[in-house]
C-alpha cells in the first residue's frame with residue numbers, strides 16, 4: 001500500500017529540513033499579505049529548535065509549510081534533501097506519515113476513542129496490520145508513562161495525559177522530526193514542564209524537535225532559537241543558558 | 001490484497017464508530033433508505049406475484065391450446081354465406097391436417113336456468129364434445145364426463161361444476177339426480193374437478209352438456225346454420241410450436257373457405273402463448289409503474305443520506321485535517337466517508353428488505369396473492385442500497401477528500 005520514497009532515511013549529508021526563499025502570501029481584499037516572506041534556513045538532525053514570534057509573525061505558517069501541511073506560494077522546502085514542491089498530495093501524505101510527527105496545541109485526539117486506537121491512527125495509513133498497530137501503540141504509550149491509561153478515552157484523561165497520548169501518536173511511526181505547535185498552550189505551568197521534559201528526553205535520544213511557541217520559558221528549553229517577525233527571521237541563535245526541565249520533571253515522577 | 005482488506009475493515013470500523021456517535025441521526029437517516037428499499041422490494045415482488053398468478057391462471061385453462069373464433073364478414077352489407085363460419089367439419093379438418101394437434105373441441109355457450117325441487121341457479125352453460133374436458137384441463141372427477149354416445153343421441157345429461165352443484169344440492173351427492181333446465185328434465189351424470197377462481201370469475205360455476213343437446217334445445221335458432229359453432233379449441237401436444245400451429249390452423253381454414261391473400265381473414269386464432277405474452281407485457285407495465293413510484297421514496301432516502309453525509313463532513317472537518325496530517329491520503333478520506341454512507345444504506349436496506357419479506361409473507365398468507373421475495377430480489381435490493389449509498393455519499397466523500405489539510409485542521 002505504501003510506496004517507499006526514493007530518498008533513504010539515512011541521507012545524513014543533507015540537512016533534515018531546508019527552506020530556500022520560502023514565501024507564503026495571501027490575498028486579502030485586493031491586498032497581498034506575505035505571511036512568510038523569503039525565509040531560507042536549514043535544520044540539522046538532532047537539533048532542538050524553538051520557533052518564536054508573536055501572533056501573526058508567520059511562525060505557524062512557516063511550521064505548516066515545513067510540515068508539508070501547507071503549500072508555499074514560492075520557494076522550496078526540502079525534507080531530508082528531497083524537494084517537496086513537485087510532490088502529489090498522496091506523496092506528501094506518505095511523507096508526513098513516515099517522517100514527521102505532529103503535536104498540536106488542542107491535542108486533536110479522536111473523541112470516544114481509546115488511547116491505543118488514537119495512537120494507532122498513523123499506522124493505519126502506513127498499512128500496518130492490526131496486531132502490530134496495537135503492539136506498537138501500547139509500546140509508545142508505555143514510553144509516555146501511560147501504561148495504565150491504554151483504554152481510556154480522551155474525556156477520561158487530564159490535559160497532560162492527553163498531550164502525552166498525542167506525543168505517543170506523533171512518535172509511533174518513528175519519524176525523523178517532531179513538530180509541536182504551541183504544545184503547552186492549553187496546559188498549566190507544571191504540566192507544561194512535564195511535556196518539555198519529555199521533549200528534552202526525546203531530543204537526547206536523537207529525535208529532532210521543533211517547537212513553535214510565543215512563551216520565552218518554553219523556548220528556553222531549546223538549543224536553538226529562531227525568532228520571526230512580519231514573515232521574516234529576525235533572530236537565529238544558539239541558546240546558552242538552557243533551562244533543563246528533565247531533572248525537575250523526573251523529581252515529579254514522570 | 002490482505003492490506004486492501006485490512007484498510008477496508010478499518011474503514012468499516014471507523015464508519016460504525018461515527019454512526020454510533022450520532023445514533024439517533026443515523027437511525028433517522030437509515031429510515032429513509034429503509035422505507036425506499038421496502039417500497040421498491042415490495043413493488044418488484046407484487047409485480048412478480050401478479051405475473052406468477054396470471055401464468056397459473058392461464059395454465060389452469062390448458063397451457064398448450066389455440067382458440068378459434070369465427071368473425072362473420074358483414075362489411076359493405078355483403079352477405080356472409082360461408083365466410084366467417086366455423087363448423088365441426090372444420091375441426092375435423094384441423095385435427096387431420098395440422099401437425100401437433102391432439103384434439104379439438106367445439107363450444108356453444110348459453111346462460112341457462114337450472115331448477116331442483118329446493119333450489120335454482122342461473123349458470124353459464126357449455127355444450128361441447130368429450131375432448132373438451134382434457135383440452136381445457138377441466139375433467140370430471142365424480143361420476144362421468146359426456147361421451148360420444150351422449151353427443152350422438154343429444155342426451156339430456158349434465159356435468160355440474162362444484163359451485164353449481166353446491167347451489168342446487170348442498171352437501172348432497174347430485175350424481176344420478178334430476179335437474180330441470182329451462183323446464184326440460186336433465187340427469188346429472190358427473191361432477192367437474194374443483195378449479196377455483198381466476199380474476200374473480202368462479203370457474204366452478206358452470207355446467208357441461210353434449211353440444212347436440214345445447215344446439216337442439218337452447219341455441220340452435222341463434223346460429224346461422226345447423227352445424228355452426230360459437231368457437232372452438234384445439235389442443236396441441238407438449239412441445240409443439242404454437243406460433244406454427246396458429247399459422248397452420250389459419251391456412252387450413254383459409255383453404256377451406258377460399259380466402260384469398262389480401263382479404264380480411266374471417267377467423268381469429270389466438271393461442272395461450274399469446275395470452276401469456278400479452279399478460280406478461282401488462283403485468284410488466286404494472287410492475288414498472290409500481291417500481292417507478294416506489295423509487296421516488298428511495299430517491300428521497302438517498303438525498304437524506306447525501307444531506308447527512310454533508311453535515312457529517314462539515315462537523316468532522318477538523319478530524320479530516322488531523323487524519324491528513326497523520327498520513328491519510330485523499331483516497332483514504334474519500335473511502336472512509338463512502339463506507340460510512342454505504343454502511344448506512346446497507347443497514348437500512350437490510351431492515352427494509354426484512355420488513356418487505358414480512359409484508360410479502362403476510363400478503364401471500366392472508367390476501368391470497370403471491371408476493372414472492374426470492375433470493376435474486378433480496379440480493380438485488382441489498383446491492384441496490386449499497387449503490388444508493390455510494391452514489392449519494394460520493395459527492396460528500398469527494399468533497400471531504402479535497403479539503404486542504406491545513407484549512408481542515410484550522411476549522412473550529
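Coordinate-derived values only; no laboratory data. The structure presented is a predicted model; accordingly, all values stated were derived computationally and were not measured. Positions of Cβ are generated from backbone atoms using ideal geometry, with glycine treated the same way; all protein chains shown enter the neighbour counts.
Peptides B:217-226, B:329-338, ordered by how many other C-beta atoms sit within 10 Å of their residues on average, highest first, read B:329-338, B:217-226. Roughly how tilted is helix B:88-97, in degrees to the nearest 10 and between 0 and 90, from the longest Cα axis of chain B? The answer is roughly 60 degrees.
Roughly speaking, what is the centre-to-centre gap between the stretch A:79-120 and the stretch B:115-177 when only Cα atoms are used, to the nearest Å? Comparing the Cα centres of the stretch A:79-120 and the stretch B:115-177, I get a distance of 90 Å. With the largest listed first and rounded to whole Å, the semi-axes of the equivalent ellipsoid of chain B from the Cα gyration tensor are 68, 25, 16. Run the numbers on chain A and let me know its relative contact order in percent, using alpha-carbon pairs under 8 Å that are six or more apart. It comes to 26 percent, rounded to a whole number. Inter-chain Cβ neighbour count for B:14-20, averaged per residue, equals 2 (cutoff 10 Å, partner chain atoms only).
Taking the DSSP bridge list for the protein assembly as shown and keeping only pairs wholly inside it, about 70 percent are antiparallel. Distance from the alpha carbon centroid of the stretch B:315-347 to that of the stretch A:161-176 works out to 22 angstrom.
For the stretch A:17-251, taking the reciprocal of the average inverse distance between every pair of different Cα atoms yields a Kirkwood hydrodynamic radius of 18.3 Å. Annotation for residue A:76 and residue B:180: the two label points, set 7 Å from Cα along the Cα-Cβ direction, are 12.0 nm apart.
Here the stretch B:72-265 carries DSSP beta bridges of which approximately 75% are antiparallel, counting only pairs with both residues inside.
When B:345, A:68 are sorted by how many other C-beta atoms sit within 10 angstrom of their C-beta, beginning with the fewest, the order is A:68, B:345. Per residue of A:84-91, other chain Cβ atoms within 10 Å of the residue Cβ number 2 on average.
Counted by neighbouring Cβ atoms within 10 Å, the residues B:276, A:63 run from fewest to most as B:276, A:63.
When shorter helices are ignored and each DSSP H run of at least 4 residues is given -39500 (n - 2.57), the per-residue value for chain A at 222 nm works out to -9500 deg cm²/dmol.
Using Cα atoms only, what is the angle between the long axis of helix B:2-21 and the major principal axis of chain B, expressed in degrees (0 to 90) to the nearest 10? Taking Cα atoms only, the helix is inclined about 90 degrees.
Relative to the longest principal axis of the Cα atoms of chain B, the long axis of helix B:242-256 lies at roughly 30 degrees.
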